[in-house]
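Asks: Quick one: structure below, then a few questions.
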Amino acid sequence: MTHIVTDNCRLCRFTDCVTVCPVECFHADEERSYIDPEVCIDCGACVPVCPVKAIYDAADMPEDLDRWVAVNAERSAILPRVTAKQPELPTAAARRAELGY
Amino acid sequence: MSESGRPLHVAVVGSGPSGFYAAEALLRSNLPFQVDMLERLPVPFGLVRSGVAPDHPKLKEVIRIYDRVARTPGFRFFGNVAVGDAVTVNELRGIYHGLIFACGAQTDRRMGIPGEDLPGSHTATEFVGWFNGHPDFRDRTFDLSREVAVIVGQGNVAADLCRILAKPVDELRTTDITEHALDALATSRVREIHVIGRRGPAQARFTPRELRELGEISDCLTLADSRDLQLNAESETELADPDNINSAKNCEMFRGFAANRETRCGRTLRFHFHLSPAAVLGEERVEGLRLERTRLRGPPFAQTTQPAGESMTLDCGLVFRSIGYRGVPIPGLPFDDRRGTIPHVAGRVNDGSMPLPGVYVTGWIKRGPSGVIGTNRADSVETVESLLADVPRLRAEEKPGGDALEELLTRRGVRAVDYRQWLSIDEAEIRRGRPRGKPREKFTRVRDMLACVDVAEDRQIREQDLRSSIDR
Ligand SMILES: Cc1cc2nc3c(=O)[nH]c(=O)nc-3n(C[C@H](O)[C@H](O)[C@H](O)COP(=O)(O)OP(=O)(O)OC[C@H]3O[C@@H](n4cnc5c(N)ncnc54)[C@H](O)[C@@H]3O)c2cc1C
Ligand code: SF4
Ligand code: SF4
């Protein structure tokens with residue numbers, strides 16, 4: 001099992017998640033963050049800090065998000081690691097509002 | 001050497017998560033930090049070693065990150081050095097440009113009720129420290145010959161206690177739980193475990209992952225009383241908040257436990273709510289716990305309890321309290337007795353009357369016992385940012401750094417354990433665990449840890465002699 005970043009994480013990169021990950025297993029591209037399932041130790045620290053509730057424990061993720069398991073594994077393998085909070089993307093606030101958070 | 005190239009000496013006190021994340025943040029900055037980590041025990045990693053439950057091995061993989069920090073140039077480990085005892089805060093201030101206290105919350109909150117100290121009434125810390133091999137608790141004994149045990153508190157530490165008491169002992173044999181705990185648990189006659197919460201199911205502090213595990217213990221029936229699970233309007237409002245999804249999940253699981261039919265099982269685990277301990281009963285030892293029913297009062301997310309004017313007695317032979325942790329004051333530093341932490345502003349130690357330049361805090365001793373391991377990372381980054389902003393002022397004074405500490409310790413006959421020596425303890429523990437199918441068998445006494453270092457050093461000397469005699 002691992003933790004999974006899902007759909008809600010897009011065009012925001014608040015990366016609050018990154019600041020609390022004890023093992024630095026977040027990777028990111030221009031739009032999203034991804035968790036490396038090989039490194040994540042399932043501590044759950046990132047879940048409550050994500051402002052748009054994008055992160056799930058794979059053990060209790062809604063089924064319609066299943067495809068994100070593979071996406072996290074694939075993308076994290078090829079993208080650079082992020083170890084510190086990044087500047088928010090300019091689209092972040094709009095995205096948050098769109099999702100109702 | 002240029003002004004900016006002169007080393008900046010910082011001592012980090014405590015080798016738990018917050019200490020290592022502070023060290024990491026310092027060593028990642030572009031300044032020439034020399035970081036010395038001082039730890040009371042000969043072995044590092046704080047509660048990751050002595051708190052995190054033995055049946056959660058994945059979490060302990062975080063140690064790999066700390067190991068990487070410890071191998072970074074500029075880092076030194078001084079194990080077996082208790083600050084306030086082997087060396088004082090004032091002495092350290094003379095040696096280092098900066099001090100970061102990351103010494104955790106070392107003691108439990110008290111219930112403040114009669115009978116709390118009767119034999120058979122224990123803190124979670126004692127029990128956890130005992131089964132995890134913390135030297136302070138090596139010689140505690142727990143009478144597991146009675147059938148009923150009560151755990152007061154409903155957070156993740158209480159969940160750890162439940163699993164260790166409820167799981168079939170064979171499922172623990174391949175973990176790094178200590179051998180003396182396995183022996184005691186193998187003859188345990190505990191059959192009923194009651195978990196008591198002062199407030200309602202919506203206020204229980206378990207994370208859903210931890211709670212779910214409690215419903216999945218083999219040969220253990222997990223129960224709750226459906227009458228206990230009725231929620232007042234305020235609690236319903238709490239559960240409807242999207243930020244409070246964990247509590248909603250917990251309540252769903254409690255309802256599942258309440259629907260479990262009573263079948264024959266080796267053990268039962270029962271959740272109780274709205275009960276506040278009023279007295280631990282017994283003459284010579286614990287015979288029961290008197291509980292008072294409570295009612296919730298106040299607005300959502302600020303509900304407190306009031307006596308509901310009804311009490312009951314639960315016969316039991318063991319009581320564990322797991323209602324929170326407190327830091328221990330360190331001579332020379334201010335202390336907030338109410339919160340059990342060192343007062344600070346953004347990590348700078350300051351109680352409002354006495355700012356202490358160059359002295360910082362992080363982790364549990366800074367913010368209290370909240371959050372998970374990773375929470376300490378963001379916390380330590382905040383503290384180190386404050387320190388970095390102070391660097392121009394800190395470096396104005398010349399400080400001798402770690403060599404001076406080493407000299408002082410030698411003079412006092414304090415035997416410090418360095419990181420290489422810890423690695424030899426680590427290796428020996430792993431070796432001891434192998435024939436038992438365990439990831440490690442911990443040393444549980446300081447003298448055994450130190451003896452292990454001696455043996456390893458002797459062997460190295462002998463190997464070196466051998467090598468040089470072959471060379472000749
Ligand atoms: C029983 C238990 C189980 C837990 N399980 C989990 C879990 O499953 N997942 C999770 O994410 N979190 C868990 N936690 C929380 C986690 O352990 C803490 O968040 C974290 O350890 C706090 O880090 P810290 O560095 O502030 O303190 P600590 O880890 O307590 O480290 C403090 C260190 O300072 C040393 N020290 C104290 N005083 C001195 C002194 N005077 N001189 C020198 N050294 C000193 C101590 O020996 C210790 O090594 C658990 C906590 C407990 C108590
Ligand atoms: S669960 Fe923990 S280890 Fe996994 S990604 Fe989140 S913070 Fe990192
Ligand atoms: S905090 Fe949430 S939304 Fe922001 S980058 Fe992390 S996972 Fe994505």
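Asks: Which whole-number value in Å³ per residue fits the convex hull of the alpha carbons of region B:109-257? Walk me through the numbers before you get to the answer.
Replies: Details: hull volume 20.2 nm³, N = 149.
About 135 Å³ per residue, rounded to a whole number.
Asks: Which FRET efficiency value, to the nearest 0.05, is calculated for B:N232 and B:T107 with the Förster distance at 41 angstrom and r the Cβ-Cβ distance? Show your work: numbers first, answer last.
Replies: Numbers: r = 34 Å, r/R0 = 0.83.
According to the calculation, E is roughly 0.75.
Asks: Roughly what would the spin-label model give for B:T313 and B:T72, points 7 Å off Cα along C-beta, in nm?
Replies: Here the answer is 5.9 nm between the modelled labels.
Asks: Stokes-Einstein diffusion coefficient for the protein assembly as shown at 20 °C in a medium of 1.002 mPa s, Rh from the Kirkwood formula over Cα pairs: what value in µm²/s?
Replies: On the way: Rh = 25.7 Å.
The Stokes-Einstein estimate is 84 µm²/s.
Asks: Still on this structure, I have one more. Å³ per residue of the Cα convex hull, for region B:269-361? Intermediate results must be reported in sequence, preceding the final value.
Replies: Details: hull volume 17.8 nm³, N = 93.
Measuring per residue, one finds 192 Å³ for the Cα hull of region B:269-361.
Asks: At 7 Å along the Cα-to-beta-carbon direction for both B:E216 and A:E88, put a label point, then send me their distance in nm to one decimal.
Replies: The answer from the label model is 3.7 nm.
Asks: Could you list B:S424, B:S226, B:S311 so that the one with the fewest beta carbons within 10 Å of its beta carbon is first and the one with the most is last? All intermediate terms of the calculation are to be shown ahead of the outcome.
Replies: Numbers: B:S424 18, B:S226 11, B:S311 14.
So the ranking, lowest neighbour count to highest, is B:S226, B:S311, B:S424.
Asks: How are the Cα pair distances of region A:3-99 distributed, in percent, across 10 Å bins from 0?
Replies: Per 10 Å bin, starting at zero, the Cα-Cα P(r) for region A:3-99 comes out as 17, 56, 26, 1 percent.
Asks: Relative contact order for chain B: what is it in percent, counting Cα pairs under 8 Å that are at least 6 residues apart? List each step's numbers first, then the result.
Replies: Values: 948 pairs, mean separation 101.5, N = 472.
Normalised by residue count, the contact order of chain B is 22 percent.
Asks: For region B:391-472, report the translational diffusion coefficient in µm²/s to the nearest whole number, using Stokes-Einstein at 4 °C, 1.567 mPa s, and a Kirkwood Rh over Cα pairs. Present the calculation step by step, with values, prior to reporting the outcome.
Replies: Working: Rh = 15.9 Å.
For these conditions, the coefficient is 82 µm²/s.
Asks: Give me the log10 of I(q) over I(0) for chain B at q = 0.10 Å⁻¹, as the Debye formula computes it from C-alpha points; what are the numbers?
Replies: Rounded to two decimals, the profile gives -0.82.
Asks: I've got another one for you. Would you grab the residues whose amide H sits under 5 Å from the one on B:Q34? Only those 5+ places off in sequence or on another chain, please, with H modelled 1.01 Å from N.
Replies: It is B:L8, B:H9, B:V10, by chain and number.
Asks: Select from region B:370-447 those GluC sites (Glu not before Pro) which occupy a DSSP coil region and have at most 11 other Cβ atoms within 10 Å, ordered by residue number. Intermediate results must be reported in sequence, preceding the final value.
Replies: Numbers: sites: B:E382, B:E385, B:E397, B:E398, B:E406, B:E407, B:E427, B:E429, B:E441; in loops: B:E397, B:E398, B:E441.
Taking region B:370-447 and a limit of 11 other Cβ atoms within 10 Å, the loop GluC sites (Glu not before Pro) found are B:E397, B:E398.
Asks: Hey, what did region A:3-99 get for relative contact order, percent, Cα under 8 Å, at least 6 apart?
Replies: Numbers: 170 pairs, mean separation 44.1, N = 97.
Relative contact order, region A:3-99: 45 percent.
Asks: Using Cβ counts within 10 Å as a stand-in for footprinting exposure, how do B:L221, B:L26 rank, fewest first? Can you show the working numbers first?
Replies: Details: B:L221 19, B:L26 26.
Lowest count first: B:L221, B:L26.
Asks: Where the centroid of each part is defined by its Cα atoms, how far is region B:287-301 from region B:89-138 in Å?
Replies: Comparing the Cα centres of region B:287-301 and region B:89-138, I get a distance of 27 Å.
Asks: Under the rule of -39500 (n - 2.57) per DSSP H run of 4 or more residues, summed and divided by the residues of chain B, what mean residue ellipticity at 222 nm is obtained, to the nearest 500 deg cm²/dmol? Display every interim value, and only then the final one.
Replies: Working: 15 runs with 164 residues, N = 472.
Rounded to the nearest 500, it is -10500 deg cm²/dmol.
Asks: What are the principal axis extents of the Cα atoms in region B:1-97, in Å, biggest first?
Replies: Sorted from largest, the Cα extents of region B:1-97 read 51, 31, 15 Å.
Laboratory data are not the source of any read-out in this text; all were calculated from the coordinates shown. Computed from a prediction, not measured in an experiment: that's the story for all the values here. Heads up, the Cβs are rebuilt from the backbone with ideal geometry, glycines too, and the neighbour counts pull from every protein chain shown.
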